[in-house]
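The values are calculated or read from the model by the stated rules, or taken from the named source; none is laboratory data. Everything quoted here is computed from the prediction, not taken from an experiment. Note that we place each Cβ from the backbone using ideal geometry, even for glycine, and neighbour counts take in every protein chain shown. In case anyone asks, the SASA skips ligands and DNA or RNA and just uses the protein heavy atoms, side chains included. Shrake-Rupley method; radii C 1.70, N 1.55, O 1.52, S 1.80 Å.
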Amino acid sequence: MKDVRKTILYAAKIVPVRMIVYFLLTLPTLVLPVFMLKIQKDLVDLVSDSSEDKIKSAVILVFILLGLYLVNKVFDMFSKDFMEFGYFRYINLHMQREIHKKMELISLENYENVELFQLLERGQNSAMYVVFTASVLNLIVQAVVLVLMVSAYLCSIYPILFIFIIFVAFPVLIEKILVAKKKAVLLQTNSQFHREMQYYKKVLSNTDSEKELKVQGAGHYFYGLWKESREKQSGNEKKIEKDCFRISCGYHLIQGISHGIAFAIILVLLIYKKISIGEFSVLLSSFAFITANLSSIMSFMGEIAQAGELSKSYFDLLELEIEDGTENISKEDCEICFQHVSYTYPGREKRAVSDISFTLKKKESLAIVGVNGSGKSTLVKLMTGMLKPKEGICVWGKGKKRDTLKERSILEHISAAFQIFGKYKLSVKENLIISSPEKREEDKIEEALKWADLDLKKEMVLGREFGGEELSGGQWQRIALARCYYRDREIVFVDEPTSAIDPLEELNIYQKLLELTKDKTVVVVTHRLGVAKNVDKILVLEDGKLVETGTFDELQKMDGVFAKMWEEQAKWYRREEIEKG
Ligand code: ADP
Ligand code: MG
């Protein structure tokens, strides 16, 4: 209930005026039904006394009744429309904005944190439950007010009718409570199976993994798993359905008896002339009215408790404390110095990089080389400020420590293409523009595409999802590189987005990159050493440690790790060159 209260107060605070407008719109629908009952009573009383002049008044009453019915419907429609489009849509937009603001603040380092990632996902999904909770509450309030108004009217006719109301209401309340309890149990026991099924379905419908599944025949296996979870789920459902059926049978029996008693009460009242025929007819219509509204109230109560609980993650996300530095860096600060920096990923024991010291000066080009898993990408993440060192210090410019800096401010000065990059199902042009949405430079787009050797039309939509063209892996990688080029910041990081491009082509691209970025600071990561020939400085990583540093020639002379790796690969490059002529 605490969650529900919080949710409602939150929704009310976002747009109080709209909430008031909404309640004003519903007001007529709360009052009119009672008036209509009253007119119905007068009408039946008039008709039962069939003299000529009274018929005329009866016709007038029929028209008034019809009029009220129409007015009631119109307000009902307007208020529901307003609730959906004028009120809740607005709340929803506001919440999406809040989530977006929060996501912007969350440090990239946190994306390595599984728990936080799950919170992000749950928080986003649970925003809709905030809206849902608030809307259900409105409906509950309306139904409660209606039942109270009608009950008050009935009691004003004859106070003993209070007992009648209880006999009509009682079975509905019991049934709904019992069924809701059963359903809650079902929801809880089935949520595990539900999650499993969603995962299997995702695997089965993912186009990237689909091909692999087909080739390996693993599709059947996943389908089997899905079916197993589905069967367990429906087993539970069937059991609960049976229980609910039993409850429902009992309910109808009790309802029959208690409605019989209620009916007997009003019949006795009619026979002893305590109520008129008109009042008798009103009581008959109230049966249906009270039953319907009470049963809605009870179902809504079940839903609101659940929705309140589900909306909790949204608030957890909003309340998440985010620590970030306060200092900004400028263009002048775009050089980086590492002093004994180590990093261990959360939950890992081994350091991914260990005791690394070096300096990257302005306009210098740096290559980080080493075999897979040697820590190259981790080092790049530390350099881009996406990870904060666990030991040692990273200094930007003249003495600005990473811890004191705003993450956003560092990212402002960086352009990057990573191993894992986005394949956005947008046009070619948009795929580049998103890296720097504030500028729109058509020439620069052309230039970036040409640089990345992409012979594609700017307006061409990519990805089959929206009927666009599917690119090859290599072409997507070129798009990622072109995006990085278009962004054009002081420091450029390129971390092997090139695995699907053949080594000579990669060499070509990297060489062009280095030529074009002579006035910039460039960091390239590669396990193919040909690229390293043209940079100012090379860092050789082995098992997370910096084993050699120097220029290409210096490292060759050292005759160490780098020289050995080069010898291995040089044969290959020579062969390729000969084959390509
Ligand atoms: P490289 O880029 O040279 O292939 P990485 O920096 O990606 O190497 O990885 C270095 C080590 O850190 C590897 O042992 C890898 O398993 C580990 N590692 C990389 N990313 C993560 C992560 N997000 N969580 C835990 N361990 C990681
Ligand atoms: Mg890597």
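Brief remarks follow.
- The tail of the calculated P(r) for region 438-502 beyond 13 Å holds 66 percent of all Cα-Cα pairs.
- D_trans [Stokes-Einstein, Kirkwood Rh over alpha-carbon pairs] for region 158-211, 20 °C, 1.002 mPa s, µm² s⁻¹: 142
- Cα pair count fraction exceeding 20 Å, expressed as % - region 171-261: 54
- With the convex hull of the Cα atoms taken as the outline of the chain, the averaged projected area works out to 37.3 nm².
- For the residue pairs K331/K400; K102/K312; K376/K571; K211/K381; K201/K227; K362/K518, the alpha carbons lie more than 20 Å apart in K376/K571; K211/K381.
- Per-atom-type breakdown for region 271-310 gives carbon and sulfur 67% of the accessible area (1.4 Å probe, protein chains only).
- Net length gained if the chain between Y111 and D543 were fully extended (0.36 nm per residue, minus Cα distance): 153.2 nm
- Between the residues P33, L204, L426, the greatest Cα displacement towards the positive end of the dipole of the chain, with unit charges on the Cβ of Lys, Arg, Asp and Glu, is found for P33.
- Accessible surface of K6 - all protein chains present, 1.4 Å probe, nearest 10 Å²: 90
- Crossing angle, helix 207-216 versus the chain [Cα axis fit, 0-90 degrees, rounded to tens]: 80
- Whole-percent carbon and sulfur share, accessible surface of region 126-177, 1.4 Å: 85
- For region 335-375, the spread of Cα positions along each principal axis, largest first, Å: 36, 22, 13
- Computed from Cα atoms, the angle from the helix 16-48 axis to the main principal axis of the chain rounds to 20 degrees.
- Cα-Cα separations in region 129-288 greater than 24 Å, expressed as whole percent: 60
- Amide H to amide H distances under 5 Å link S357 with H340, V341, where only residues 5 or more positions off or on other chains count and H is placed in the peptide plane.
- Considering all different alpha carbon pairs of region 280-347, the Kirkwood hydrodynamic radius works out to 19.2 Å.
- For the residue pairs K363/K457; K390/K557; K350/K425; K54/K80; K429/K520; K444/K545, the alpha carbons lie more than 27 Å apart in K363/K457; K390/K557; K350/K425; K54/K80; K444/K545.
- Average projection, convex hull of the Cα set of region 328-440: 8.8 square nanometres.
- For the pair V74 and S156, a Förster radius of 22 Å applied to the C-beta separation gives a FRET efficiency near 0.20, rounded to the nearest 0.05.
- Principal-axis tilt of helix 161-205 within the chain, Cα atoms, nearest 10 degrees: 20
- Note on E321 and E349: with the Förster distance fixed at 22 Å, the Cβ-Cβ geometry gives a FRET efficiency of about 0.20.
- Average accessible surface area per residue within region 2-45, 1.4 Å rolling probe, Å²: 53
- Computed over the Cα atoms of region 68-220, pair by distinct pair, the Kirkwood hydrodynamic radius stands at 21.2 angstrom.
- The accessible-area ordering, largest first, of the residues M77, M83, M301 stands as M77, M301, M83, per a 1.4 angstrom probe.
- Placing unit charges on the Cβ atoms only, positive for Lys and Arg and negative for Asp and Glu, gives region 83-133 a dipole magnitude near 280 debye about its Cα centre.
- Probing with 1.4 Å while keeping every protein chain in the model, the per residue accessible area of region 245-323 equals 52 Å².
- Within the accessible area of region 429-472 (1.4 Å probe), percent carbon and sulfur: 47
- The string of couplings for region 61-71 from the Karplus curve (6.51, -1.76, 1.60, θ = phi - 60°) is 4, 4, 5, 4, 4, 4, x, 4, 4, 5, 4 Hz, one whole number per residue in order, with x for Gly and Pro.
- In this calculation the C-beta distance from K398 to I55 is compared with R0 = 60 Å, giving a FRET efficiency of 0.05.
- Sorted largest first by accessible area at a 1.4 angstrom probe radius, with every protein chain in place, the residues R483, R122 fall in the order R122, R483.
- Ratio of Rg to Rh for region 217-371: 1.39 [Cα atoms; Kirkwood radius as inverse mean 1/r over pairs].
- Accessible surface ranking that places the most exposed of H252, H527 first, with a 1.4 angstrom probe: H252, H527
- Note that region 1-125 carries a Kirkwood radius of 19.0 Å, evaluated over its alpha carbons pair by pair.
- Extension gain, D443 back to F85 (0.36 nm per residue minus Cα-Cα distance, nm): 124.7 nm
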